[in-house]
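Some notes on the structure that comes next.
The values are calculated or read from the model by the stated rules, or taken from the named source; none is laboratory data. No experiment lies behind these values; they were computed from the predicted model shown. We place every Cβ from the backbone using ideal geometry, glycine too, and count neighbours over all the protein chains shown. Please note that ligands, DNA and RNA were not included when accessible areas were found on the heavy atoms of the full protein model with its side chains. Shrake-Rupley method; radii C 1.70, N 1.55, O 1.52, S 1.80 Å.
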Amino acid sequence: MSTSKPILSIQNASLTFGGRPLFKDVEIMISKRERMCIVGRNGAGKSTLLKILAGDVKADDGQYFLQPGCRIAYLHQEPDFSGFETLKDFVVDGLPDDQATETYRAEIALENVKLDPNKSVTSLSGGEGRRAALARTLASEPDVLLLDEPTNHLDVDTIEWLEEELKTYPGAIVVISHDRAFLKNLTKAVCWLDRGKTRRLEKGFGDFEEWSNQVLVKEAEDQRKLDKLIVEETRWSREGITGRRARNEGRIRRLHKLREERADQLDHVGSVKLGADAGRTSGKMVIEAKSISKAYGDRVILDDFSIKIARGDRIGIVGPNGAGKSTLLSMLIGSLEPDSGTVRQGTNLDITFLDQKRSSLQDDKTLWDTLADSGGDQIMVQGNPRHVVTYLKEFLFDEKQARSPVSMLSGGERNRLTLAKSLALPSNFLILDEPTNDLDIETLDLLQEMLSEYPGTVVLVSHDRDFLDRLVTSTIFLAGDGSAVEYAGGYSDAMVQRNRAKKENQEKEKQRDKPKIASLKHEAPKTKAPSKKSKLTYAQELALKSLPGKMSSLENDIDSIAQKLAEPSLFTAQPQRFADLTAQLTSKQRELEESEELWLELEMIVEESTKS
């Protein structure tokens, strides 16, 4: 427990929701400059707990404390823009009474998230709405920030900007998020809401997984000991109770208490059982795109991009909102024609497309009808018939929800239902547009494991950096200016290579106007008298003869390394080897580029000497 005096706390708080105990006797202490995350399964009550801290929901019992004069700002998962005309109106409305006239705060906050204060609230994208809500939350500079899924709908650049803002924020921060990288980079404490109880870890989220596993192992061991004790006490009660009733009533009471304790213990919530029917085997070549381009009016979405996707590849696509990630997906699967270039699909492709809007769901349908859309009570899953309710339970839905309408589901539940429907279909090519939205961390882990073991091909769009690092074999980065570059490895590897390339380009620009020195890598001095036979020195002639063989060898090395990096399990199973191979690939590619440049320069020298 933090030794600092709390400025916000709840103690012994309990809440029953819809006749079901949501949590009991929970405790949270928030001190100045706190950096805490609340983690737990979907439906555990994390958002409700945050609303209690914000004062929006009152617990059934317990104590609530807020230091006098302390201001709280709460970022809702779904901001409400009704009643406002412009973004400035929306942000100004969130200012406390003593700042109500300081409208410049709203303008500064909106400028920080790159939004026009005069923009109408009726035309906002999901990402713009989230940025506007962040501006409203940050504008008043409150003492406590309560953030519910702040990274939802944000692109990676904005997420990294938000991280830096929050790292230096002078107040306390309590956050709920499924973004592992965001939590690792920001938090210093973890509140784990599990089966109605809270546990606190005085370390950041990076240590949570190991700690929580230790807690569950100890809990399982304690339960085994309790079960054994119950068996022993039961045997004793049957065999030795006669004649000793009066002096052993205390022991009988102990047995009953043990049984009650065992009955009260909630089993650890199950995990989603994810699996995908890979169907038939596709051809080795899945997608080949050559020089594809796409523009809408004067706005270039994609300019001269080429890629080859082979069976078993896991390709991640990242970039700012509006950069064209979904457009690229649509062109690759053939639902959108490029303006120029070609896209060729391989043989035997069975494509399953999980779109960002989850359009396969209809709000007026029940969960049962959504899965068993052809009627009956069975659904084919990986080629085997399954009862609808049994399959729903594997995705953590309650039996009572089977006949409930889709409109009653939360964001995380909608995503789980979409995954359940999509993964039941036979496919060998999964296209996933933001599959991680609203999923809890444990379900994210299971989804990542399933996709790693999936024998088909996966292409996905995601802003979840940790998820990409754990899964993909290469990353396509769309900068938003029409350019698209494929890098080996996950998001972190792509950023290292991208930054390295930027530095190299900057160095080239610096060197561009400097006088060239005659060497194997530069032109011969212009002052030297031309020779009708050759301008090459003996060393240059040897280099010209040896370069074709060297370039061929480098190309073979690059192909060999690329094949090794394409192994789906390499990144997760051998991260150091993956990093070493990535570095080798970059080095070989640079060496090949230099060799090609030198070979061209030497050929040009020979050509010029022949002309003269």
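Just a few scattered comments:
- Qualifying residues in the stretch 201-218 (those that are free of Cβ contacts under 8 Å to residues at least 40 places away in the same chain, surrounded by 13 or more Cβ atoms within 10 Å (Cβ to Cβ) and not hydrophobic (A, V, I, L, M, F, W, C)) - the one nearest to Asp179 (Cα to Cα): Gly206
- Leading residue by the ranking (modelled with the highest pLDDT) among those in the stretch 351-366 that are within 15 Å of Val458 (Cα to Cα) and open to solvent by less than 40 Å² (accessible area, probe 1.4 Å): Thr352
- Scanning the stretch 121-154 for residues being within 12 Å of Gly94 (Cβ to Cβ) and touching an Asp or Glu at 6+ places or on another chain (Cβ under 7 Å) gives a total of 0.
- Checked against (1) surrounded by 13 or more Cβ atoms within 10 Å (Cβ to Cβ); (2) at pLDDT below 80; (3) over 30 Å from Met450 (Cα atoms), Ser595 passes all but a single condition, namely (2).
- Within the stretch 51-85, being under 22 Å from the mean Cα position of the chain (by Cα) and within 29 Å of Phe208 (Cα to Cα) holds for Leu75, His76, Gln77, Glu78.
- Close pairs (9 angstrom Cβ cut-off, 6 or more residues apart or separate chains): farther than 15 Å from Ala420 by Cβ in the stretch 364-385, open to solvent by 30 Å² or more (accessible area, probe 1.4 Å) and in a loop (DSSP other than H, G, I, E, B) anywhere: Gly383/Gly279; Gly383/Pro426
- Residues (within 22 Å of Thr473 (Cα to Cα) and part of a loop (DSSP other than H, G, I, E, B)) located in the stretch 312-346: Gly312, Asp313, Gly319, Pro320, Ala323, Gly324, Ile333, Gly346
- Residue within the stretch 398-407 that is of a type outside the set (Gly, Ala, Ser), part of a strand (DSSP E or B), open to solvent by 10 Å² or more (accessible area, probe 1.4 Å) and farther than 30 Å from Cys37 by Cα present: yes
- Restricting Ile52, Ile38 to residues that are within 19 Å of Trp192 (Cα to Cα), out of contact with any Ser or Thr (no Cβ under 7 Å at 6 or more places or on another chain) and in a helix (DSSP H, G or I) narrows the list to Ile52.
- For beta carbons closer than 7 Å, sequence separation of 6+ or different chains, a first residue in the stretch 584-612 that is of a type in the set (Gly, Ala, Ser) and a second that is surrounded by 12 or more Cβ atoms within 10 Å (Cβ to Cβ) and at pLDDT 75 or above, the qualifying pairs are Ser595/Leu547; Ser595/Lys550; Ser595/Met551; Ser595/Leu554.
- Residue within the stretch 175-194 that is surrounded by fewer than 19 Cβ atoms within 10 Å (Cβ to Cβ) and either touching a Cys at 6+ places or on another chain (Cβ under 8 Å) or under 27 Å from Pro68 (Cα atoms) (or both) present: yes
- Members of the stretch 219-247 found to be surrounded by 12 or more Cβ atoms within 10 Å (Cβ to Cβ) and modelled with pLDDT of 80 or more, listed by number: Glu219, Gln223
- Of the residues making up the stretch 367-382, those that are in a strand (DSSP E or B) and open to solvent by 80 Å² or more (accessible area, probe 1.4 Å) are Gln378, Met380.
- Qualifying residues in the stretch 294-350 (those that are open to solvent by 50 Å² or more (accessible area, probe 1.4 Å) and in contact with a Lys or Arg (Cβ under 7 Å, 6 or more places away or on another chain)) - the one farthest from Glu486 (Cα to Cα): Asn348
- Subset of the stretch 303-320 (residues that are touching a residue at least 60 places away in the same chain (Cβ under 8 Å), out of contact with any His (no Cβ under 8 Å at 6 or more places or on another chain) and more than 19 Å from Tyr454 (Cα to Cα)): Asp303, Phe305, Ile307, Gly319, Pro320
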